[in-house]
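Q: Structure incoming, see below.
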Amino acid sequence: MNALRQLHRVISIGIILYFLQACATLAVVPTATSAPVLPVATQIPLSQQVMLTLISFREEGQLPTYTISAQTPKFAGVEDERAQAFNKTVSELVQHEIGYFRKNVLAQMPTNPVTSGSSFDASYVVIFQGGGVWSLKFDFSGYADGAAYPYHYSLTLNYDLEQGKKLSLEELFPTDSDYLEALSRFCIAELSKRDIGFYGGFQQGAEPTPDNYRNWNITSTGLLITFDEYQVAPYAAGPQTVTVPYNELNTIINPKGPLAMFSH
């Protein structure tokens, strides 16, 4: 009997140990877990990657006596071809005006200066930047040695950096809209309120022609139109600017164009 009890005890202990081992094995079986959700990569707009710097240039010479100075904007920080295309565009713009001065002013000057010599200066200002659009205004001033006074004029550049192209005025409006008439009507009304001699024969400078509205800038409140000296007023009155509010243009703004961000 003792032997039988001993056998039963051994068998019972063995069964218990078997179940304990099975439970321990089950306890360490890993449970399935979901893979971590990784953030989706987003493309950073090019306008947020670049840094607008400037290149300064100055040149002096004799026979004839002259000074040329210029500031040219340049995007730095990336090698993107769209930024390089912008740099090429503004460089050519400024260099073209310097070349015009050399050919049409310096080439005509006597070797012995009448005054302090001739001069030319180019500068720029960023009027607006937003949504990939950069709007710049270039101001040029020149003086021909011996002249009574210097001259001034402007050129503008509106550039879509994300698309890598210069914007045209006609892109802002549908093809069937009479946008020049709308701009002209507002500008004439504004200029007629100023004591600048507008109605002394300068009305034609604000008529609805592409050349009259060649200098425009996108701003946060409206289209800034620049009229150079002599265009809509005598020299003494200087250049004139008019901002055409976007609420005056809402009905003709291209809903798929650069001004869509301002339309209501």
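Q: Translational diffusion coefficient of region 168-264 at 4 °C, 1.567 mPa s, Stokes-Einstein with Kirkwood Rh over Cα pairs, in µm²/s as a whole number.
A: Values: Rh = 13.7 Å.
It comes out at roughly 95 µm²/s.
Q: Still on this structure: Starting with the fewest neighbours, write out T67, T53, T156, T175 ranked by other beta-carbon atoms found within 10 Å of each beta-carbon. Don't skip to the end; give the middle numbers.
A: Values: T67 15, T53 11, T156 19, T175 8.
Taking fewest neighbouring Cβ atoms as first place, the list is T175, T53, T67, T156.
Q: Neighbour counts of other C-beta atoms within 10 Å: give me T89, T111 arranged from fewest to most.
A: The fewest-first ordering by Cβ neighbours comes to T111, T89.
Q: Placing +1 at every Lys and Arg Cβ and -1 at every Asp and Glu Cβ, with all other atoms neutral, what dipole size does region 46-167 have around its Cα centre, in debye to the nearest 20?
A: About 140 debye.
Q: To continue, here is another question. Please give every one of the aspartates and glutamates within straight-line cross-link reach of K74, meaning a C-alpha to C-alpha distance under 19 Å, and leave out same-chain neighbours fewer than 8 residues apart.
A: E92, E97, D121, D139, D160, E162
Q: A further question follows. Of all trypsin sites (Lys or Arg not before Pro) in region 181-264, which ones are in loop regions per DSSP and have a Cβ with at most 12 other Cβ atoms within 10 Å?
A: The qualifying sites are K193, K256.
Q: Please name whichever of V242, Y179, I252 sits farthest to the positive end of the charge dipole of region 168-264, dipole taken about the Cα centre and charges placed at Cβ: Lys and Arg +1, Asp and Glu -1.
A: V242
Q: Taking each pair of different alpha-carbon atoms in region 46-167 once, compute 1/r for the pair, average those values, and report the inverse of that mean as the Kirkwood hydrodynamic radius in Å to one decimal. Kindly include the intermediate steps, with their values, before the conclusion.
A: Numbers: mean 1/r = 0.0641 Å⁻¹.
For region 46-167, inverting the mean 1/r across all distinct Cα pairs yields 15.6 Å.
Q: Turning to a different aspect of this structure: Placing +1 on the Cβ of each Lys and Arg and -1 on the Cβ of each Asp and Glu in region 46-167, which of P73, P110, A85 has its Cα farthest towards the positive end of the resulting dipole?
A: P110
Q: Please find the FRET efficiency linking Y149 to V78, where r is the Cβ-Cβ separation and R0 is fixed at 45 Å, and quote it to the nearest 0.05.
A: Values: r = 43 Å, r/R0 = 0.96.
So the FRET efficiency works out to roughly 0.55.
Q: Also, quick follow-up: Can you run phi through the Karplus equation (6.51, -1.76, 1.60; θ = phi - 60°) for region 213-219 and list ³J(HN,Hα) in whole Hz, with x for Gly and Pro?
A: 10, 6, 9, 9, 9, 6, 10
Q: Over region 63-145, what is the relative contact order in whole percent, taking alpha-carbon pairs under 8 Å and six or more residues apart?
A: Values: 111 pairs, mean separation 30.1, N = 83.
The value is 36 percent.
Q: HN-Hα J couplings of region 122-128 from phi, Karplus 6.51/-1.76/1.60, θ = phi - 60°, integer Hz, Gly and Pro as x?
A: Values, residue by residue: 10, 9, 8, 9, 7, 7, 7 Hz.
A short reminder: the numbers here are calculations on the coordinates, not readings from a lab. The structure displayed is predicted, hence computed values, not measured ones. Positions of Cβ are generated from backbone atoms using ideal geometry, with glycine treated the same way; all protein chains shown enter the neighbour counts.
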